[in-house]
Amino acid sequence: MVRVRDENAVVVTTVASSGIGCATAPAFADGGASVVPAARRGKALEEVAVERRRRGGRAPAVAVAGRLGQERAGAR
C-alpha cells in the first residue's frame, strides 16, 4: 500500500483506465490521497470507478476523460 503523508494530497493518474495507471490510482486512494484519474476513454474510466465501488473503495469524485498532452503545433 502507498502511504500518503499529507492528508490534503491530490494525485493525478494518467492512463487510469488500464495498466499501471489503473493499478496505482486505487493504491493512492487507499493510502489516503484524493485521486483524479485521467484517460482518453471516458467509458473505461467509468468502468474503473464502478469496479472500485464494488470492491468497497472510494470512487473518485472527479475523473478526466480526454487527452492531457501538448497541443499539436499549428492546431490553434
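For region 5-20, what are the residues that are small (Gly, Ala, Ser) and either modelled with pLDDT under 85 or within 15 Å of ALA65 (Cα to Cα) (or both)? Selection gives ALA9, ALA16, SER17, SER18.
Yes or no, residue by residue, for (1) farther than 12 Å from ALA63 by Cβ; (2) without any contact (Cβ under 8 Å) to a residue 24 or more places away in the chain; (3) under 13 Å from the mean Cα position of the chain (by Cα):
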position	(1), (2), (3)
SER17	no, no, yes
ILE20	yes, yes, yes
THR24	yes, yes, yes
ALA27	yes, no, yes
ASP30	yes, no, yes
ALA33	yes, no, yes
ALA38	no, no, yes
ARG41	no, no, yes
ALA44	no, no, yes
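Does ALA23 satisfy the criteria of being modelled with pLDDT of 80 or more, among the hydrophobic types (A, V, I, L, M, F, W, C) and either in a strand (DSSP E or B) or in contact with a Pro (Cβ under 9 Å, 6 or more places away or on another chain) (or both)? Considered against the rule, which asks whether it is modelled with pLDDT of 80 or more, among the hydrophobic types (A, V, I, L, M, F, W, C) and either in a strand (DSSP E or B) or in contact with a Pro (Cβ under 9 Å, 6 or more places away or on another chain) (or both), ALA23 comes out as no. Residues considered: VAL35, VAL2, VAL62. Of these, the only one that is modelled with pLDDT of 75 or more and surrounded by 11 or more Cβ atoms within 10 Å (Cβ to Cβ) is VAL35. Can you confirm whether GLY42 is modelled with pLDDT of 75 or more and surrounded by fewer than 16 Cβ atoms within 10 Å (Cβ to Cβ)? The answer is yes for GLY42.
The values are calculated or read from the model by the stated rules, or taken from the named source; none is laboratory data. Computed from a predicted model, the values in this text were never measured in an experiment. So basically every Cβ, Gly included, is an ideal-geometry build from the backbone, and we count neighbours across all protein chains shown.
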